[in-house]
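I am attaching a structure below and will ask some questions about it afterwards.
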Amino acid sequence: MEQALFPVSSLAYLFAVLAALVAAAFDLKTGLIPNKLTIPVGLVGLGFAVSAAGLPGWIGAVAGLGVAFVLLLPGFLLGFTGGGDLKLASGLGCFLGPELSLVAGLLYYLAGGLIALGAVLLTARGRRTGPFARYRAMYREWRTSGRLNYLRPAPGEYMGLQLRMAPAIAFATIAAPMVQ
């Protein structure tokens, strides 16, 4: 059996799972993941790592934070996820270390994709336009006028849906050690 570069203690993993579940509940209820939750998660993760393994633990926790941050940053920059999702995943990365953060990030994308697909399918009923109608209208205007004009998503439009992604982060946090 291969030894992980950053061993995760049972107590640290339990705390990470509980934090992820609390964040998912907040996200589902309010649509936000508060800083009062995300910042302490990261700090406690760093504390667990340092108390368990000293400087190597701190390095592993920071590496886990970095891996989670890098994996979720594109979704944040493109507007698909919020800052709370990015901070939560990064804080949980302190608990998971770099290897499990990578696995969790990939699982997050799988779960997030399923959530997005489900949202599109659930909101598609009764609509006359598809998810790309806005882009076709922008293209037609550009072709006729030569101006590139961005049209914001209309309320309720597919591309403007605000999806709750903390449950996907919680799933990924719980499942990552089982998959690895």
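In the chain, with Lys and Arg counted as +1 and Asp and Glu as -1 at Cβ, which of these residues, 179, 44, 137, has the Cα nearest the positive end of the dipole, that is, farthest along it?
Working it through, the farthest residue towards the positive pole turns out to be 137.
Which of 105, 14, 166 sits farthest toward the positive end of the charge dipole of the chain, with +1 on the Cβ of Lys and Arg and -1 on the Cβ of Asp and Glu?
So the residue furthest toward the plus end is 166.
Further question on the same structure: Among 95, 171, 15, which comes first, then next, by fewest other beta-carbon atoms within 10 Å?
Ascending Cβ contact count within 10 Å gives the list 15, 171, 95.
Going by a ≥ b ≥ c, the root eigenvalues of the Cα gyration tensor, does the range 40-87 fall in the rounded group (a/c under 1.5), the prolate group (a/b larger than b/c) or the oblate group?
Oblate shape, in that a/c is at least 1.5 and b/c is the bigger or equal ratio.
Can you sort 165, 178, 138 by how many other beta carbons sit within 10 Å, fewest first?
178, 138, 165
Continuing with the same structure: When averaged across all projection directions, what area in nm² does the alpha-carbon convex hull of the range 1-95 cover?
Seen from a random direction, the Cα hull of the range 1-95 projects 6.4 nm² on average.
Further, regarding this structure: At 0.36 nm per residue, and after removing the present C-alpha to C-alpha distance, how many nm does the segment from residue 114 to residue 140 gain when stretched out fully?
Stretched fully, the residue 114-residue 140 segment lengthens by 6.2 nm.
Also: Just to check, using Stokes-Einstein with a Kirkwood Rh over alpha carbon pairs, what's the diffusion coefficient of the chain at 37 °C and 0.692 mPa s in µm²/s?
Translational diffusion coefficient: 187 µm²/s.
May I pose another question? Mean separation of Cα pairs under 8 Å and 6+ residues apart, divided by the residue count of the chain: what relative contact order is that in percent?
30 percent
Separate question: At a 10 Å Cβ-Cβ cut-off, how would you order 29, 87, fewest neighbours first?
Starting with the residue having the fewest Cβ neighbours, the order is 29, 87.
While we're looking at this one, here's another question. To test your reading of the geometry: what angle, between 0 and 90 degrees and rounded to tens, separates the Cα axis of helix 10-30 from the longest principal axis of the chain?
Tilt of helix 10-30: around 30 degrees.
Highest GNM mean-square fluctuation, the chain, Cα pairs closer than 10 Å: which of 53, 133, 61?
133
Rule-based calculations on the coordinates, nothing more; no lab input. None of the values given here were measured: they were computed from a predicted structure. A quick note on method: Cβ atoms are made from the backbone with ideal geometry, for glycine too, and the neighbour counts reach across all protein chains shown.
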